[in-house]
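Here's the structure, in structure tokens; my notes come after.
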Amino acid sequence: MFRRVLVANRGEVALRIIRSLRELGIESVVIHGKEDRLSLPVRLADEAFFIPREDPLASYLDIEAIVSAAREVGADAVHPGYGFLSENASFAQRLSDEGITFIGPSSESLEILGDKISAREAMSSAGIPVAKGSGKPVQDLEMALEMASEIGFPLIIKAASGGGGIGMQVVNNEAEFESALRLCQGRAESAFGDGRVFIEEYVESAEHIEFQVIGDGKNAIHIGERFCSIQRRHQKILEEGPWISEEERERIGSKVVAGAKAIGYSGLATFEFLRSPEGEFYFMEVNPRVQVEHTVTEMITGLDLVSLGIIVASGKELPINQDQVVFNGHAIQARINAENPVTLEPSPGKLWECHWPSGPGIRVDTHGFSGYDMPGSFDSLLAKIIAWAPTREMAIPRLEAALDETILLGLDTLIPLHRAILQEPDFLERQITIDYLERHPDLLSRGR
């Protein structure tokens, strides 16, 4: 097992990783910029390493500085968390060159999965169903229109690289296609330095369902599904699980395990799908890292996914098999983003008073505390509040009660929107698709 791990991240995920490292008896060192010098991860890690940069993001994106930090503190491994460099194949390779373990998949796996086109091809070859699409980048407008006519409208244009919904746009007809194509190419180039895009059939009125997988390079298992259809700007704000039948779980689960084995995957991964109204699953992408919503799976299985990822990264075989994965009850997670609940604009600033809920079945993952100054330079996620109960019908009021108990003065958050969603009839009846907020615009106005 590792002796010392450098945590190359910040916020609640850095704190989450530090907790697992502590339980495993591993020393933690967390990097930080000037904005995070008083943050909880910096205060609670065994050691902190300052990477001074004028641009706040650069402290967490400078590969050579982080590799140098890992060498200087004597780290055996680096945990990237999510976001930042967590899916960067060059970062994983640089660490490998220095004899430092990247806690995640190999650089080769990251290269395959980091390109949505190659990932789509690899998963299709492994027997995972994919939506009808171009199968290669589209650049020439005439060629793109020809492919679009073959696929049919509506369709979706996607960036080949990156994530977070950037460089993604639904196109309803041919008249919209050219401008949408140019827009997506420009956004992809600006955000990822890669302007390649591809086109794919748009699955209307779909559900977003993802499968948690872990592999050790030889073997792999799935740890069930999460339901993630409530989104804004293609980004999730509420997740829950379980969602599908045992038969569907076994059928799709076996396919994602085969997909992971096909590329010798090691580490945590999430296979994301759209499920059509007819019940057909279509592969979207693989997120080769720990997910924000891993907490939902931990609550319904009792497993520590972050620790499992660290264990397999150390070279050990998977310590559990598929039969040992047992699901119990239902969990729902609300992402407490520091955002205006009506406009969804970021709301950074001083958190003057902070009280988090507790009680049976309640979990809070957060780096927020009274007096914390939430920077405007980073992602708006402040906390995750998760409620577990024996059934979904019992988990919903438990989460409502937890949100009611939460006190956050000084920042706007999405809590009013979450409370409105939890009382909405379609949500209660599981009538939820990825356009849920668009179909319920009154929820935003009720978030005041």
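The values are calculated or read from the model by the stated rules, or taken from the named source; none is laboratory data. Treat the numbers as computed from the prediction; the structure is a model and nothing was measured. Every residue, glycine as well, gets a Cβ built from its backbone with ideal geometry; the counts of neighbours run over all protein chains shown. Just so you know, the surface numbers come from the protein's heavy atoms only, side chains and all, with ligands and any DNA or RNA stripped out. Shrake-Rupley method; radii C 1.70, N 1.55, O 1.52, S 1.80 Å.
The table for this structure:
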quantity	calculated
ASN328 paired with GLN423, simple spin-label distance in nm, labels 7 Å along Cα-to-beta-carbon	3.3 nm
Accessible-area order (highest first, 1.4 angstrom probe) of the listed residues CYS354, CYS228	CYS354, CYS228
Cβ-based charge dipole, the chain, positive-most Cα from PHE2, PHE227, ALA92	PHE2
Whole-number percent relative contact order across the range 279-394, with pairs defined as alpha carbons under 8 Å at least 6 apart	28 percent
Charge dipole magnitude, Cβ of K and R +1, D and E -1 - the range 21-101, Cα centre, debye nearest 20	160 debye
Selected from ALA175, ALA389, ALA401 as most flexible by GNM, with the chain as the system and alpha-carbon contacts under 10 Å	ALA175
Global form of the range 76-146, assessed from the alpha-carbon gyration tensor, a/c cut-off 1.5	prolate
Amide N proximity, the range 81-95 versus ARG71 label position 7 Å along Cα-to-Cβ, cut-off under 19 Å	90-95
Cα-centred dipole magnitude for the chain, charges only on beta-carbon of K, R (+1) and D, E (-1), debye, nearest 20	980 debye
Whether the range 184-278 is rounded, prolate or oblate, judged on the alpha carbon gyration tensor where a/c under 1.5 counts as rounded	oblate
Spread of Cα-to-Cα distances over 5 Å intervals beginning at zero, given as percent, for the range 1-152	2, 9, 17, 17, 15, 10, 8, 8, 7, 5, 3, 1
Where labels lie 7 Å past Cα in the beta-carbon direction, separation of GLU247 and ALA175 in nm	4.4 nm
Entries of LYS132/LYS236; LYS158/LYS261; LYS132/LYS158; LYS116/LYS384; LYS34/LYS236; LYS218/LYS316 with Cα pairs more than 19 Å apart	LYS132/LYS236; LYS158/LYS261; LYS116/LYS384; LYS34/LYS236
Calculated FRET value between SER254 and GLN431, using beta carbons and R₀ = 30 Å, to 0.05	0.60
Share of alpha-carbon pairs per 5 Å distance bin for the range 343-448, given as whole %	2, 11, 20, 21, 21, 16, 8, 2
Shape call, the chain: gyration tensor on alpha carbons, a/c limit 1.5	rounded
